[in-house]
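The values are calculated or read from the model by the stated rules, or taken from the named source; none is laboratory data. Not measured: the values here are computed from a predicted model. Backbone-built Cβ (ideal geometry, glycine too); neighbour counts: all protein chains shown.
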Amino acid sequence: MPAIVVLGAQWGDEGKGKATDLLGDRVDYVVKYNGGNNAGHTIVVDGEKYALHLLPSGVLSPGVTPVIGNGVVIDLGVLFDEIDAINARGVDTSRLVVSANAHVITSYHTTIDKVGERFLGDAKIGTTGRGIGPAYADKISRIGVRVQDLFDEKILRQKVEGALEQKNQVLVKAYNRKALSADVVVDELLAQAERLRPMVADTSLLLAGALDQGKVVLLEGGQATMLDVDHGTYPFVTSSNPTAGGACTGSGIPPTRIDRVVAIVKAYTTRVGSGPFPTELLDADGERLRQQGAEFGTTTGRPRRCGWYDAVIARYAARINGVTDFVLTKLDVLTGFETIPVCVGYRVGDTVYDEMPMTQTDFHHAEPVYEQLPGWDEDITGARSIEDLPKNARRYVEAIEAMTSAPISVIGVGPGRAESIVVRPLT
Ligand code: GDP
Ligand code: IMO
Ligand code: MG
């Protein structure tokens, strides 16, 4: 039975949380496979707003088992705070399962993330400051702390002492900061271990069994294609693989079991943090998108950079991820623009590209080539079928669908669960 991947096609905040939540009553497991509390998903259910960071978005659906996969990096303090906050609002989290192989974000990771960014000055990435990059760096350097290490004090102490031996050199000598004490870090982690223990499992084994029994497993990506450490706008990326391949490594589910790859794409484009963004608008239209779309970060509150839809990026995301369906979100935000430009290629010097340029240097210099589409004035938030949309909104959807190689199966016309047009069911 099917495993479905839900991921972001652009630079994040496309509305992945809402899309996952929408599928909640038709799936059995929702697995977060990458990232950590750099993610921020806002979900609106019956007018109630929930902001999730580490918990998989399926947590709001009563029948779903939420799983934090091995590909995630976990700040345990943040996880427990999030569980407490959501429990206080009457949401049950007792089914939550956490992979024994997931890595732990310690206090030295968050410290190094923040001082490292300050040290970079103008060259900073604009990270969320949550310790994500340093935790993944330790994982790849084979000096990371895994969830299972919290249950073996001797190993835990060895690992933290080993890691801090290197890090304290850097903190003191390069960053002019105080050295951190291994004992303090170990005590902090041990204090969290007992609460975590009942949630921990071999999640890859659990999910294989679930698929064998015919259960539906949804793999939920944090961040997005253009923030992927391999396929995104490196170095202005996150430190994990949000793309479809990352769903396999980050969950332990093999590619042969994945039936559908659903990419979430906004009807325009946003980005948080530094890095190239060809269709960015630094004018009144950009401000209007930011205000109409409430484009302020769920995690850091930073204003999101806004720009027009970029079909080259959507096509790239379709290719890299093997997208079977797109969910087009926030179409309602475009209401009221007289004409809506859509980027169909990039001009770099005398060359016009209709694919992502091979080099980052060319992408930094890319000037968008626009096609102009007519806008609409009618309120579309009440539309529930494609026929309910005004002619030009329909034309916009058809035009951008024709520019990529996968169908638009769902259209978002508002933040609420019900504010969606389902053209083709996803499960
Ligand atoms: P995620 O990180 O991909 O889950 O996205 P975020 O939650 O960070 O940002 C998406 C924002 O858009 C959230 O505030 C959602 O409530 C909102 N949203 C999602 N879909 C729609 C839509 O179709 N229309 C409108 N107006 N808002 C939407
Ligand atoms: P969701 O899941 C948007 C961006 C940061 C920064 C870069 C690296 O809500 O779509 P990091 O802290 O990950 O090392 O920061 O990635 N970034 C996001 N931007 N949405 C996100 O998550 C993001 N997670 C990280 O702004 O530019
Ligand atoms: Mg977000």
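Whether any residue in region 153-175 is aliphatic (A, V, I, L, M), under 27 Å from Asn70 (Cα atoms) and surrounded by fewer than 17 Cβ atoms within 10 Å (Cβ to Cβ) is what I want to check.
Yes, region 153-175 contains at least one residue that is aliphatic (A, V, I, L, M), under 27 Å from Asn70 (Cα atoms) and surrounded by fewer than 17 Cβ atoms within 10 Å (Cβ to Cβ).
Pull up region 1-56, narrow it to residues that are acidic (Asp, Glu) and near ligand 1 (Cβ under 10 Å from one of its atoms), then point me to the one that is modelled with the lowest pLDDT.
Checked region 1-56; the qualifying residue modelled with the lowest pLDDT is Asp21.
Please verify whether Ile320 is of a type in the set (A, V, I, L, M), more than 16 Å from ligand 3 (Cβ to nearest atom) and not assigned by TED's automatic domain parsing to the domain that holds Ala208, treating the condition exactly as stated.
yes
Residue by residue, here is whether (1) buried (at least 24 other Cβ atoms within 10 Å of the Cβ); (2) over 17 Å from the mean Cα position of the chain (by Cα); (3) within 23 Å of Arg257 (Cα to Cα) holds:
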site: Asp13; (1), (2), (3): yes, no, no
site: Gly24; (1), (2), (3): no, yes, yes
site: Val30; (1), (2), (3): yes, no, yes
site: Gly40; (1), (2), (3): no, no, no
site: Leu54; (1), (2), (3): yes, no, no
site: Asn70; (1), (2), (3): no, no, yes
site: Asn87; (1), (2), (3): no, yes, no
site: Ser94; (1), (2), (3): no, yes, no
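On the given criteria, is Gly77 within 13 Å of ligand 1 (Cβ to nearest atom) and surrounded by fewer than 24 Cβ atoms within 10 Å (Cβ to Cβ)?
no
Of the residues Ala244, Ala263, which single one is aliphatic (A, V, I, L, M) and farther than 23 Å from Pro278 by Cα?
Ala244
From the list Ser240, Ser251, which one is within 15 Å of ligand 2 (Cβ to nearest atom) and within 18 Å of the chain's Cα centre (by Cα)?
None of the others qualify; the one that does is Ser240.
Filtering region 323-345 down to residues that are within 16 Å of ligand 3 (Cβ to nearest atom) and among the aliphatic types (A, V, I, L, M), which residue is nearest to Pro255 (Cα to Cα)?
Checked region 323-345; the qualifying residue nearest to Pro255 (Cα to Cα) is Val327.
State whether one or more residues within region 115-129 are touching a strand residue (DSSP E or B) at 6+ places or on another chain (Cβ under 6 Å), within 16 Å of ligand 2 (Cβ to nearest atom) and not small (Gly, Ala, Ser).
Looking through region 115-129, none of the residues is touching a strand residue (DSSP E or B) at 6+ places or on another chain (Cβ under 6 Å), within 16 Å of ligand 2 (Cβ to nearest atom) and not small (Gly, Ala, Ser).
Of all the residues that make up region 408-427, how many are assigned to a loop (DSSP other than H, G, I, E, B) and aliphatic (A, V, I, L, M)?
Result for region 408-427: 4.
Just to be sure I understand the filter: pairs with C-beta atoms under 7 Å, separated by 6 or more residues or on different chains, first member in region 367-385 and under 12 Å from Ser420 (Cβ atoms), second member hydroxyl-bearing (Ser, Thr, Tyr) and outside any loop (DSSP other than H, G, I, E, B). Which pairs pass?
So the pair list comes out empty.
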